[in-house]
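Structure record follows, encoded as structure tokens.
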Amino acid sequence: MNLNLTELQKKIGYSFKDTALLSHALTHTSYANEKHLGHTGSNERLEFLGDAVLELTSSEYLFRHYPEMPEGDLSKIRASLVCEPTLAYCAEEFALGDYLLLGKGEDASGGRKRNSIVSDAFEALIGAIYLDGGFASAKEFVLRFVMNDMEHKKLFYDSKTILQEAVQGADRGELTYVLVGESGPDHNKTFEVAALVGDEEIGRGTGHTKKAAEQSAAFRGLMKLRRGTEGKAEAGPDGSGKDKAEAGPDGSGKDKAEAGSDGSGRGECI
């Protein structure tokens, strides 16, 4: 756990006037229960608020940037951008999991890397920024960390199909998904899946369902293949070349989201 809130504020590019809001956004229910902080001591209420800010900001962005796109397609893109694995991936940019306040048991079981916990904290952080600095500040945060690298993030929505086509087109061998681990109680399991091409692992992902974990693994694999292709394309006459592919994520389009453990519509990308 990293309690250096000044460091986190530098990473996200926003300085809180009330740092208690930031601490509240980082407080998971397991920590609140352990410290007897009461039912309002966790970040759940801030998550509720942040979810609304995120949905409005992402909807406005898509509405303005895709003026010819029908409503159904806008909803699908939004679903791919603000679902649980995507938000957790966005949070990796500033290592949000390292700063969370977790109960001892949750911490020991890998909660800092659990998509559901990190994505909830990400939304709580949006809510905290909104309360501290207003909508403009929260919107700026969302645009910087969520609505960036749009082309790669949209790939996540149908990454299994795209990866299958890429593997078949390159004649690289059979694409398979292998369950390599699972953790957590029966009502809130986390599955870990590896994507293999032949015997080579090209991506690994987690999710609350096997299907969601496969989607995450497929996206990671797809990004690896694209990096390899672009790296070759950028190679100079000496054979060197920088890998320019940008990393994407691991939407609240509720028709495409699987309910999370808190009963909300936003959950796994499927």
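We did not get these values from a lab; they are worked out from the coordinates using the rules stated. Just so we're clear, the structure is a prediction, and the values are computed from it rather than from any experiment. Glycine gets a Cβ as well: all are built from the backbone with ideal geometry, and neighbour counts include every protein chain shown.
With the crude spin-label approximation of a point 7 Å out along Cα→Cβ, what separation in nm comes out for E7 versus D199?
Using points 7 Å along Cα→Cβ, the separation is 4.1 nm.
Label-point separation (nm) for A170 and S109, each offset 7 Å from Cα along Cα-to-Cβ?
In this crude label model, A170 to S109 measures out at 3.7 nm.
In what sequence, highest mean first, do 60-68, 137-145, 120-128, 208-216 appear when ranked by Cβ atoms within 10 angstrom?
Highest-to-lowest ranking by the protection proxy: 120-128, 208-216, 137-145, 60-68.
If I stretch the segment between M69 and D98 completely, what's the gain in nm (0.36 nm per residue apart, minus their alpha carbon distance), one decimal?
Length gained, M69 through D98: 6.6 nm.
State the dimensionless ratio Rg/Rh of the range 31-168 (Rg: radius of gyration of Cα atoms; Rh: Kirkwood radius).
So for the range 31-168, dividing Rg by the Kirkwood Rh gives 1.02.
Using alpha carbon coordinates only, what is the Rg to Rh ratio of the range 1-53, with Rh defined as the Kirkwood radius?
Over the Cα atoms of the range 1-53, Rg/Rh equals 0.99.
Assuming a ≥ b ≥ c are the square roots of the Cα gyration tensor eigenvalues, decide whether the range 88-173 counts as rounded (a/c under 1.5), prolate (otherwise, with a/b larger than b/c) or oblate.
oblate
Determine Rg/Rh for the range 27-96; Rg is computed over alpha-carbon atoms and Rh is the Kirkwood hydrodynamic estimate from the same atoms.
1.12
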